[in-house]
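Worksheet: the structure to be examined is printed underneath.
What follows draws every value from the coordinates through simple rules; no lab data is involved. From a predicted model like this one, the values you see are computed outputs, not experimental measurements. Here the Cβ positions follow ideal geometry from the backbone for every residue, glycine too, while neighbour counts run over all protein chains shown.
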Amino acid sequence: MSLPARPLAQLSLLSLLVQAACGPAPAPAVAPPPAPPPAPVAAAPEPLGPGCEEAKSKYLDEQADHHAPPGSASDALLYGAMLNKGAFLDACQIPPSVGVSVCAAVREGRAVGVTVTTQPPDDVMIACIASRIRALEFPSRPGMDITRTRFAPN
């Protein structure tokens, strides 16, 4: 059975009014895209070489049968003065609120072992400071000297 044209037009008009009053039909639910995987945690920088005590132990083992001349007090003072300048703190942009302790094992003009600690601990700062100290040129002499310095936080 066919409906007259007029009631069909009224039905279409009624349908449009219902849509306008109630809004369009809701969109089908779509699942949100999956969250991206978490970013990998930055690994602590690899040490650039042995620590101060490790270098000292290795040196003592090597020298067990040899007797290298002991370092002089003036050498120790000179090495300490080089570290006490703290130029590496500025180069590494260490804020004054960070405490820094350094131990350097110096042999033949090079820091062959460096141990750095910061308070609060920060691996990036530690790696930067250690690399700057390893790059310093110390007065060269036979044997090994250990020098330590500390910068208190402000």
**Report entry** Under 12 Å from the Gln93 label point (7 Å along Cα→beta-carbon), backbone N, the range 114-135
**Finding:** 125
**Report entry** Peptides ranked, highest mean first, by Cβ atoms within 10 Å: ranges 80-86, 100-106
**Finding:** 100-106, 80-86
